[in-house]
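Working notes, structure below.
The values are calculated or read from the model by the stated rules, or taken from the named source; none is laboratory data. None of the values given here were measured: they were computed from a predicted structure. FYI the Cβ positions are ideal-geometry reconstructions off the backbone, even for glycines, and counts take in every protein chain you see. For the accessible areas, the whole protein counts, side chains as well, though only heavy atoms, and no ligand, DNA or RNA atoms are used. Shrake-Rupley method; radii C 1.70, N 1.55, O 1.52, S 1.80 Å.
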Amino acid sequence: MKKAIQFGAGNIGRGFIGAVLSQSGYEVVFADVVEDLIKQINARKGYTVHVTDVNKRDVEISNIRAVNSGSDDVVKEITDAEIITTAVGLRILKFVAPAIAKGLKARKEAGNEAPLQVIACENGLRATSQLKELVLSHIDAETAEWAKTHVGFPDAAVDRIVPPVHCEVPLDVAVEEYFEWDVERASFVGAVPEIEGMTPVDNLEAYIERKLFTLNTGHATAAYLGKLKGYQTIGESIADPEIYAIVKGAMQQSGDGLIKKFGFDHDKHYAYIEKILKRFQNPYLKDDVNRVGREPGRKLAANDRLILPMETAKGFGLPYDKLLLSIAGALHFNNPEDPQSVEIQNSIKNAGLETTILKYTGLKAGDPVVKEIEEAYKQVESL
């Protein structure tokens with residue numbers, strides 16, 4: 001039977017990527033560091049994905065097991081796997097890379113000439129490329145040369161909302177019905193594996209930015225403005241007409257930039273925006289604003305979901321005022337349990353708003369948009 005190694009056995013690992021691979025006939029070996037989770041997976045050998053949407057259903061996932069991602073066990077598993085996927089978060093890829101590097105070396109020494117695909121399924125631009133760099137930094141030149149013809153590192157765009165909903169059985173997970181997994185066709189080595197639910201595409205950048213500028217931009221905007229107005233969930237936030245208008249406007253402004261950049265069909269893209277808005281309104285998913293808004297420093301980075309769409313729209317001479325409100329909302333995000341939130345709030349208090357904007361967004365001093373963000377910061381205070 002085909003084998004897949006899924007780094008990260010959290011909600012997304014189990015509810016999205018691991019589930020898709022299992023349903024496509026793979027034995028899924030979850031690699032994680034949480035011993036209790038590893039024991040549960042090995043004891044139960046299965047779990048249920050509860051599709052919590054208008055069309056409710058349960059999907060039984062079986063033929064799974066787990067190993068500790070920091071042990072030699074995961075290295076052994078890599079030697080005869082067909083695919084490695086991750087759902088750990090961008091910051092954790094550097095901890096996953098050494099194990100993959102050891103696995104590649106062991107695979108080469110074992111004489112396994114079959115293609116191996118490594119796909120980082122993370123929220124970020126070209127996460128697999130980032131993982132590839134990290135992996136290559138841990139292997140010798142001979143193994144790196146071997147990897148060129150034996151290991152594919154295709155970038156991917158992933159999209160599914162998997163909130164931390166409490167389930168009666170701890171391993172079970174609740175998900176929305178919609179999902180999308182687009183993978184860069186040209187970067188596979190050998191034949192593209194047939195995985196139901198995975199779509200090989202030729203222009204991945206367009207799909208990555210479409211998701212980043214639409215789902216991620218809108219989701220973050222709803223979280224930050226909802227938090228500012230005292231709401232607990234995305235559903236509560238998006239039900240507020242004032243917030244709904246800003247979220248929709250921000251997504252349309254980011255979308256207009258995408259239409260100019262990639263030539264997307266206007267009506268189809270606006271229909272995609274409407275579909276995303278309906279997903280935010282799913283009454284069955286209690287998606288917490290603190291979860292969606294977490295790590296605001298990362299989300300304010302120059303190449304992420306707030307600054308990049310604003311700069312894209314601005315670069316084409318298009319309106320971006322609603323995107324400025326999204327950025328302002330992130331700067332206001334105040335969650336004492338989120339280290340990045342605490343850091344940003346302390347920076348605003350001690351160094352000032354302008355200095356903080358420059359520090360986190362990558363914008364340059366003297367750029368007129370900095371003053372526009374400052375004005376938007378004041379504006380959202382009156383929401």
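Over the heavy atoms of T128, what accessible area does a 1.4 Å probe trace out, to the nearest 10 Å²? That residue has around 0 Å² of solvent-accessible surface. The relative contact order of the range 143-199, computed from alpha carbon pairs under 8 Å that lie at least 6 residues apart in sequence, is 38 percent. When a/c reaches 1.5 or more, the comparison of a/b and b/c decides; with that in mind, is the range 263-383 rounded, prolate or oblate per its Cα gyration tensor? Note, shape of the range 263-383 comes out oblate. What the Cα atoms of the range 321-382 give is an Rg and a Dmax of 11.1, 33 Å. Highest mean packing comes first when the peptides 254-260, 200-206 are listed by Cβ atoms within 10 Å, giving 254-260, 200-206. This model, with +1 at the C-beta of Lys and Arg and -1 at the C-beta of Asp and Glu, gives the range 76-235 a dipole about its Cα centre of some 700 debye.
Solvent exposure of the chain amounts to 42 Å² per residue of accessible area, where only protein heavy atoms count and the probe is 1.4 Å. Taking 0.36 nm per residue of sequence separation and removing the Cα-Cα distance, the K349/V34 pair yields an extension gain of 109.7 nm. Tell me, what is the percent relative contact order of the chain, built from C-alpha pairs under 8 Å that lie six or more residues apart? For the chain, the relative contact order is 13 percent. Compute the acute angle (0 to 90°) between the alpha-carbon long axis of helix 217-228 and the principal axis of greatest extent of the alpha-carbon atoms of the chain; round to the nearest 10°. Its long axis makes an angle of about 60 degrees. Largest GNM mean-square fluctuation across K45, K359, K148, computed for the chain with C-alpha springs under 10 Å, falls on K148.
Projection of the Cα convex hull of the range 204-279, averaged over all directions and equal to a quarter of that hull's surface, yields 4.6 nm².
Note on surface exposure: V165, V158 rank V165, V158 by accessible area, highest first, 1.4 Å probe. Summing charges over neighbours of D140, with a neighbour being any other residue whose Cβ is under 15 Å away from its Cβ, gives +2 when K and R count +1 and D and E count -1.
Of the residues Y47, N123, V28, the one whose Cα sits farthest toward the positive end of the charge dipole of the range 8-141, with +1 on the Cβ of Lys and Arg and -1 on the Cβ of Asp and Glu, is N123.
The dipole here belongs to the range 215-363: it is taken about the Cα centre, uses +1 on the Cβ of Lys and Arg and -1 on the Cβ of Asp and Glu, and is about 200 debye. What angle, in degrees between 0 and 90 and rounded to the nearest 10, separates the Cα long axis of helix 321-332 from the longest principal axis of the Cα atoms of the chain? So the inclination is approximately 70 degrees. Within the listed set I234, I84, I348, the Gaussian network model of the chain (springs between alpha-carbon atoms below 10 Å) gives the highest mean-square fluctuation for I348.
Think of it as helices only: each DSSP H run of n ≥ 4 in the chain is worth -39500 (n - 2.57), and spread over all residues that comes to -14500 deg cm²/dmol at 222 nm. Taken about its Cα centre, the chain carries a charge dipole of about 280 debye when Lys and Arg each add +1 at the Cβ and Asp and Glu each add -1 at the Cβ. Element breakdown for the chain at a 1.4 angstrom probe: carbon and sulfur atoms account for 50% of the accessible area. Here's the picture: charge each Lys and Arg Cβ at +1 and each Asp and Glu Cβ at -1 in the chain, and of F188, Y377, S137 the one pushed furthest to the positive end of that dipole is Y377.
Between the range 57-111 and the range 128-196, what is the separation of their alpha carbon centroids in Å? About 11 Å separates the Cα centre of the range 57-111 from the one of the range 128-196.
The long axis of helix 241-262 is offset from the longest Cα principal axis of the chain by roughly 60 degrees.
Centre-to-centre separation between the Cα atoms of the range 344-383 and those of the range 215-238: 20 Å. With the charge dipole of the chain set up from +1 on Lys and Arg Cβ and -1 on Asp and Glu Cβ about the Cα centre, the Cα lying farthest toward the positive end among the listed residues I243, I12, V96 is that of I243. The mean sequence distance of close C-alpha pairs (under 8 Å, at least 6 residues apart), as a share of the length of the range 329-383, puts its relative contact order at 28 percent.
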